[in-house]
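First comes the structure, then the notes that go with it.
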Amino acid sequence: DKLQPEFEVIQAMIDARKNKKMTQAQLAKKIGTKQSVISRLEIGKGNPTLSFLKRFAEALGTHLEIRLTKI
């Protein structure tokens with residue numbers, strides 16, 4: 001349960017990449033990183049910085065939105 005937000009972010013990243021019909025390698029090149037970095041993030045073995053998430057969103061032509069809500 002504590003990891004639910006992380007899993008939601010990971011799934012959103014995977015979905016966004018697939019919706020743009022991009023491979024991990026294509027996305028990595030656009031961001032300026034290695035395919036292995038994208039792979040590690042998508043399997044949950046990475047902790048992306050806010051800066052990376054912004055570049056990720058930009059590379060996919062999307063907008064990064066982060067919200068805090070009451071629990």
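The values are calculated or read from the model by the stated rules, or taken from the named source; none is laboratory data. Fair warning: this is a prediction, and the values are worked out from it, not measured in the lab. A quick note on method: Cβ atoms are made from the backbone with ideal geometry, for glycine too, and the neighbour counts reach across all protein chains shown. Please note that ligands, DNA and RNA were not included when accessible areas were found on the heavy atoms of the full protein model with its side chains. Shrake-Rupley method; radii C 1.70, N 1.55, O 1.52, S 1.80 Å.
Of note:
- 20 Å tail of the calculated P(r), the chain, as % of Cα pairs: 23 percent
- Most to least accessible of I43, I31 (protein chains only, probe 1.4 Å): I43, I31
- Options T49, A28, I10, ranked by Cα towards positive dipole end of the chain, top entry (Cβ charges): A28
- Cross-link pairs K21/K45; K34/K54; K20/K45 - those with Cα-Cα distance over 19 Å: K21/K45; K20/K45
- Length-normalised contact order for the chain - Cα pairs under 8 Å, 6+ apart - percent: 27 percent
- Estimated dipole of the chain in Debye, rounded to 20 [Cβ of Lys and Arg +1, of Asp and Glu -1, Cα centre]: 280 debye
- Residue-wise HN-Hα coupling along the stretch 56-69, computed from phi with Karplus coefficients 6.51, -1.76, 1.60 (Hz; x: Gly, Pro): 4, 4, 4, 4, 9, x, 10, 10, 7, 10, 10, 10, 10, 10
- Helix 4-19 axis versus longest C-alpha principal axis of the chain: approximately 30°, rounded to the nearest ten.
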